[in-house]
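A short worksheet on the structure shown next.
Each reported figure results from applying straightforward, stated rules to the coordinates on display, with no laboratory input. Just so you know, these numbers come straight off a predicted model, no measurement behind them. Cβ: placed from backbone, ideal geometry, glycine included. Neighbour counts: every protein chain shown.
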Amino acid sequence: MLGLPLAFASPLVLFALAALPALWWLLRLVPPRPRRVRFPPTRILMDIAPKEETPANSPWWLTLLRLLLAAIIILAMAGPLWNPPAATSGGRGPVLLMMDDGWPSASSFEQRQRVAGEIVASAESAGRAVALVPTARPVIDIALETPSSVRERLRSMEPLPHTPDRAAILPALQKFLGAQPEAEIVWLTDGTDTGRAETFIAQLAPLVRGRSVTVFSGGTQAPLALTGATN
């Protein structure tokens with residue numbers, strides 16, 4: 001939200017913030033002034049100073065404080081989450097977790113493992129099976145596993161010192177997605193185009209059409225400058 005790692009468990013509650021102008025109008029309402037009726041004995045009371053006076057309008061700072069308190073209550077009811085954990089879309093089918101594990105992902109591999117673990121935990125709480133597909137390793141067949149076994153594989157994974165060949169896993173992806181029509185796809189990409197990214201995306205698009213696809217990118221710092229190896 002607004003470029004910050006902030007999310008809300010119940011974002012629909014935030015629509016209540018649109019009612020703050022109406023609340024401001026209500027807070028400024030005061031009961032009508034009393035109608036004065038001349039009554040002779042009341043002249044005696046005119047010399048008595050009133051102990052308390054009610055202003056016709058509430059002070060601006062008090063109205064602002066009340067509006068701020070209402071906004072804080074609305075935000076609290078929406079369930080704010082700082083650095084929200086990565087989660088699946090909430091479907092019932094299996095989760096296909098693609099993870100780039102080549103050399104471009106080495107600088108943020110621990111963060112990538114943490115996000116993958118959060119996705120596996122979300123799938124486990126929903127009772128969903130998971131298929132882990134590393135893109136830098138040879139994949140002949142993709143099989144569903146229990147979240148606990150996928151978690152153990154994630155802990156033992158390390159980045160490989162070569163470029164991931166994403167196009168090589170397309171046949172296995174086609175076979176798996178054909179057998180699992182309800183599978184949800186989550187891709188943890190390193191954000192690096194090694195020369196065949198457009199070809200891979202073009203061939204992947206017809207396979208994932210009509211499915212839930214989530215792509216997690218980032219975590220890798222961009223280079224500030226390039227120089228020769230003998231510098």
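Overview of results
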read-out: Table column - 3J(HN,Hα) (Hz), segment 108-118, Karplus curve with 6.51, -1.76, 1.60, x for Gly and Pro; value: 10, 5, 5, 5, 5, 5, 5, 5, 4, x, 5
read-out: Relative contact order [Cα under 8 Å, 6+ residues apart], segment 64-187, whole percent; value: 34
read-out: Two-site label geometry, residue 76 and residue 202: point separation in nm, points 7 Å out along Cα→Cβ; value: 5.6
read-out: For segment 95-216: Kirkwood Rh in Å [reciprocal of mean 1/r, alpha carbons]; value: 14.5
read-out: Amide H contacts of residue 188 (H built 1.01 Å from N, under 5 Å, at least 5 apart or other chain); value: 98, 99, 100, 216
read-out: Gap separating the Cα centres of segment 143-189 and segment 195-219, nearest whole Å; value: 13
